[in-house]
Amino acid sequence: MKPLIGIAGDSFMSEPGRFISAEKEYCNADYIHAVLVNGGVPVVLPHEVLQEDAGSVMSHLDGILFPGGEDVDPHLYGQEPLPECGEYRPEIDASWKQAFDYARSVGLPMLGICRGIQFINVMMGGTLWQDLDEMSKKHFMHLQSGKRSYLTHHVEITPGSYLEHLFGQSVVMTNSMHHQAVKEAAPGLFVNARARDGVIEGLEDHDGKIVAVQWHPEGLLESNPVMNKLFQDLVVRSTAFGEQR
């Protein structure tokens with residue numbers, strides 16, 4: 001049996017056109033494709049369902065992916081919003097928190113991507129830079145304007161980390177689409193990757209349940225095929241979880 005892997009959903013209000021605008025529940029197609037082609041069965045989790053009854057839908061899952069999206073509410077990590085902070089959605093944070101809490105309670109394997117790494121870190125007690133200019137005015141370009149498949153900067157993998165074992169190399173090239181980043185890693189998480197300007201690009205736990213990266217590997221499956229290993233690994237970890245249930 002292929003593992004069922006949930007993808008935490010988001011929402012947006014469509015623009016008025018031929019029909020009146022309406023709220024849409026969605027996830028980017030690249031996440032669905034990345035899970036599917038690497039052997040998993042993707043299941044999009046509407047945020048309203050997660051808010052109301054995460055356990056009922058997630059009890060059938062073998063793994064979960066927390067994807068990209070808007071900024072995380074600064075109040076969740078004890079800060080007031082700065083002018084540089086982008087849009088944040090408390091209702092999305094609230095529903096994802098339900099999903100995260102359930103996943104942690106049952107030991108569900110997780111993969112965090114972009115907003116996902118930031119959200120997981122905050123949920124476990126870590127903090128964020130609300131904008132990278134807080135950290136340094138001389139950071140690299142982390143919000144690229146080109147295609148999502150373009151490779152923008154190098155990421156150095158921490159020696160001996162699970163991520164190094166997974167990739168089989170100490171340096172990878174990634175895309176980059178963020179203006180916030182992990183500031184202090186949460187207790188129970190450690191840094192497994194950094195950009196050469198010092199920006200934290202990856203986190204993992206000691207139990208093999210959480211792997212999270214700041215870049216968007218789902219957009220690099222062809223331009224840098226090593227990124228498939230993140231999704232293959234989620235499938236492997238999720239399969240093992242399903243077999244143990």
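The values are calculated or read from the model by the stated rules, or taken from the named source; none is laboratory data. It should be emphasised that the depicted structure is a prediction, and the values quoted were computed from it without experimental measurement. No Cβ is skipped: glycine too gets one built from the backbone with ideal geometry, and neighbour counts run over all protein chains shown. Heads up: the accessible areas ignore ligands, DNA and RNA and are worked out on the full protein's heavy atoms, side chains in. Shrake-Rupley method; radii C 1.70, N 1.55, O 1.52, S 1.80 Å.
Miscellaneous remarks
- Subset of the range 181-204 [of a type in the set (D, E, K, R), open to solvent by 10 Å² or more (accessible area, probe 1.4 Å) and under 15 Å from ILE113 (Cα atoms)]: ARG194
- Subset of the range 1-15 (residues that are open to solvent by 80 Å² or more (accessible area, probe 1.4 Å) and either under 21 Å from the mean Cα position of the chain (by Cα) or farther than 27 Å from ARG148 by Cα (or both)): MET1, LYS2, PHE12
- Any hit, the range 52-72, residues being within 28 Å of TRP129 (Cβ to Cβ) and open to solvent by 50 Å² or more (accessible area, probe 1.4 Å): no
- Residues that are open to solvent by less than 10 Å² (accessible area, probe 1.4 Å), under 16 Å from PHE190 (Cα atoms) and not in a helix (DSSP H, G or I), drawn from the range 115-132: GLY126, LEU128
- Scan of the range 29-49 for residues that are at pLDDT below 95 and under 15 Å from GLY116 (Cβ atoms), ordered by number: HIS47
- Flag set for SER161, criterion: surrounded by 15 or more Cβ atoms within 10 Å (Cβ to Cβ) and of a type in the set (Ser, Thr, Tyr).
- Subset of the range 47-69 (residues that are outside any helix (DSSP H, G or I) and under 16 Å from the mean Cα position of the chain (by Cα)): GLY63, ILE64, LEU65, PHE66, PRO67, GLY68, GLY69
- Scanning the range 83-100 turns up one or more residues that are outside any strand (DSSP E or B), open to solvent by less than 40 Å² (accessible area, probe 1.4 Å) and among the β-branched types (Val, Ile, Thr).
- Residue count for the range 180-205 under the criterion of being in a loop (DSSP other than H, G, I, E, B) and touching a Gly at 6+ places or on another chain (Cβ under 7 Å): the result is 3.
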